[in-house]
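The values are calculated or read from the model by the stated rules, or taken from the named source; none is laboratory data. It should be emphasised that the depicted structure is a prediction, and the values quoted were computed from it without experimental measurement. Reconstructed Cβ throughout: ideal geometry from the backbone, glycine too, with neighbour counts over all protein chains shown.
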Amino acid sequence: MSTHAATVPAALPTAASTAATAGKALTVGLIGLAATLLAALFAPEKHGVALSYLVGVSYWTAIAIGMLLMILIHHITDASWSVVIRRQWEHGLAAFKWLFVLFLPLLILAWAVPGFVWPWMDKTHVLHGHGTVGTDILYLKKEGFLNIYTFTIMTLVFFGSWVWLSARLRRASFTQDTDGNAAWTFKNRVTSAMGLPIAALTLTFAAIYWIKSLEYHWFSTMYGVWFFANCARGALCCGVLIMVWLLHRGDYKGILNTNHFHSIGMLMLAFTVFWAYVTFSQYFLIWNANVPEETFWYNLRELNHDGTTNQWWYVGLVILFGHFVIPFCALLSYRFKVTPHIIRRIAYWVLTIILIDICYNVLPALKDEHGDSLPFLSINLLWVLTSVIGVGGICIWAYLRSFPTTKLIPIRDPRIGECLTHHE
């Protein structure tokens, strides 16, 4: 252990102060949340504000889950190259408890005004062409799964699982910096062995309960995998942004090398292809089967009731090219992957498209009197931005608050020596 620690430059254990930046992030977050709250109180389309807030919470929760998954995968595969960035993902896990607090308004609203966010919670809710929820045979078949009691319990289980796994991983990793005991590494491998199936199940059911159930008639066996792909891509992109930020700030000077960027860039490329495979497979299978209980979900995102093309059709094209074609072509380039300012731009791009993808899955649940999805370019897009900024500011504040509490990198991790000399 001590020989590995000795290879780390002496300046590394002292992290630069981030208090000012954390304060700014908290201020921005509170302003965003306040703007969203004012909209919820005074905007005419309060349902749109609620779904926009759901987009913001789901987006940042997906990124936090992705960070948790990256750490679990790191430990279970005994990876070496990712040791230095793993510490920053561990700091990112500090956001989970705040994400739970930020999700509480939606949970309280679900109890106070049933059906306001998730229509199936109100059995008197009128469905377009299907009567009411309470008389809908598809809901009656799913009522044991889709009810407010199960929804609440499962949501508590989701956040409880993520907070518990995060606490175990962070405690073992941070303690190892002090005593250098390799037993903490083995403990995190055990945590990861049980944590991966827990994380897989919880993220799948979270995506189904929070997002997919907005259109509970829809059937999809790929939904959890789609959400997982966005979680992983979001975490990798945030990892790149943190790497470049700390490199430019001087913290990572002498630590990161070209091969670290190449490795994370290859993972970004791999999950780009994985997202495309999952998304295309879902679309192709639904299109090929042509079952009304499945095709209507895409029809809402392509056509109005009179057969005209709606705005969501063009959003779908943006997702197709922006989520796959553009990042795929960019990440094929070795130079793009290893050039910090270029891969940072790719990361910003992908993070933006992930947000649009979540909007594509949530906001079409807002419908007009004809049953058509409201346009993408509407006032609701403004509330999406305030929600994303508000929740994001709190998450970034939580990360920066955790950042100075321990070493910049895991200085006594058994793999730290290999990581610092990482080569392709």
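Kindly check whether there is at least one residue in the range 31-54 that is under 21 Å from Arg233 (Cβ atoms) and surrounded by 23 or more Cβ atoms within 10 Å (Cβ to Cβ). Give the steps one after another, and end with the answer.
First, pick out the residues of the range 31-54 that are under 21 Å from Arg233 (Cβ atoms): 54.
Within this subset, residues satisfying the condition of being surrounded by 23 or more Cβ atoms within 10 Å (Cβ to Cβ) are 54.
Yes; the residues of the range 31-54 include at least one that is under 21 Å from Arg233 (Cβ atoms) and surrounded by 23 or more Cβ atoms within 10 Å (Cβ to Cβ).
Could you please tell me which pairs satisfy a Cβ distance under 9 Å, a separation of 6+ or placement on different chains, a first residue in the range 86-114 that is without any contact (Cβ under 8 Å) to a residue 24 or more places away in the chain, and a second residue that is outside any helix (DSSP H, G or I) and of a type outside the set (Gly, Ala, Ser)?
Note: pairs meeting the criteria are Val113/Asp122.
Can you find even one residue in the range 147-160 that is within 20 Å of Phe205 (Cα to Cα), at pLDDT 95 or above and outside any helix (DSSP H, G or I)?
Taking the range 147-160 first, the residues within 20 Å of Phe205 (Cα to Cα) are 147-160.
Right, trim to at pLDDT 95 or above and you get 147-160.
Next, from what is left, pick out any that are outside any helix (DSSP H, G or I): 147.
Looking for residues that are within 20 Å of Phe205 (Cα to Cα), at pLDDT 95 or above and outside any helix (DSSP H, G or I), one finds at least one in the range 147-160, hence yes.
Can you name the residue in the range 124-146 that is free of Cβ contacts under 8 Å to residues at least 24 places away in the same chain and under 19 Å from Leu107 (Cβ atoms) and, of all such residues, is surrounded by the fewest Cβ atoms within 10 Å (Cβ to Cβ)?
Result: Phe145.
I'm told Ile353 meets every condition in (1) buried (at least 17 other Cβ atoms within 10 Å of the Cβ); (2) farther than 18 Å from Tyr283 by Cβ except one. Can you identify the failing condition by its number?
Going through (1) buried (at least 17 other Cβ atoms within 10 Å of the Cβ); (2) farther than 18 Å from Tyr283 by Cβ one by one, Ile353 breaks only (2).
Does Ile411 count as over 20 Å from the mean Cα position of the chain (by Cα), farther than 29 Å from Ala207 by Cβ and assigned to a loop (DSSP other than H, G, I, E, B)? Break it down into steps so the answer makes sense when it comes.
Values: over 20 Å from the mean Cα position of the chain (by Cα): yes; farther than 29 Å from Ala207 by Cβ: yes; assigned to a loop (DSSP other than H, G, I, E, B): yes.
In short, yes.
Any idea how many residues of the range 159-168 are closer than 14 Å to Ala193 by Cα and either more than 19 Å from the chain's Cα centre (by Cα) or without any contact (Cβ under 8 Å) to a residue 40 or more places away in the chain (or both)?
Selection size over the range 159-168: 1.
Report, by residue number, each residue of the range 361-388 that is surrounded by fewer than 18 Cβ atoms within 10 Å (Cβ to Cβ) and part of a helix (DSSP H, G or I).
Ile379, Leu381, Leu382, Leu385
Please specify each residue of the range 317-350 satisfying the condition of being crowded, with 20+ Cβ neighbours inside 10 Å and either in contact with a Lys or Arg (Cβ under 9 Å, 6 or more places away or on another chain) or of a type in the set (Phe, Trp, Tyr) (or both).
His323, Pro327, Ala330, Leu331, Ile343, Ile346, Val350
Do the conditions hold for Gly134, that is, is it out of contact with any Cys (no Cβ under 9 Å at 6 or more places or on another chain) and either of a type in the set (D, E, K, R) or in a loop (DSSP other than H, G, I, E, B) (or both)? Working first, answer last.
Working: out of contact with any Cys (no Cβ under 9 Å at 6 or more places or on another chain): yes; either of a type in the set (D, E, K, R) or in a loop (DSSP other than H, G, I, E, B) (or both): no.
No; evaluated as a whole, the condition is false for this residue.
Looking at (1) surrounded by 18 or more Cβ atoms within 10 Å (Cβ to Cβ); (2) in a helix (DSSP H, G or I), find the lone condition where Tyr277 falls short.
(1)
Being assigned to a helix (DSSP H, G or I), crowded, with 21+ Cβ neighbours inside 10 Å, out of contact with any His (no Cβ under 8 Å at 6 or more places or on another chain) and basic (Lys, Arg) narrows it down to one residue among Arg233, Arg168; which is it?
Details: Arg168 fails: crowded, with 21+ Cβ neighbours inside 10 Å.
Residue meeting the stated conditions: Arg233.
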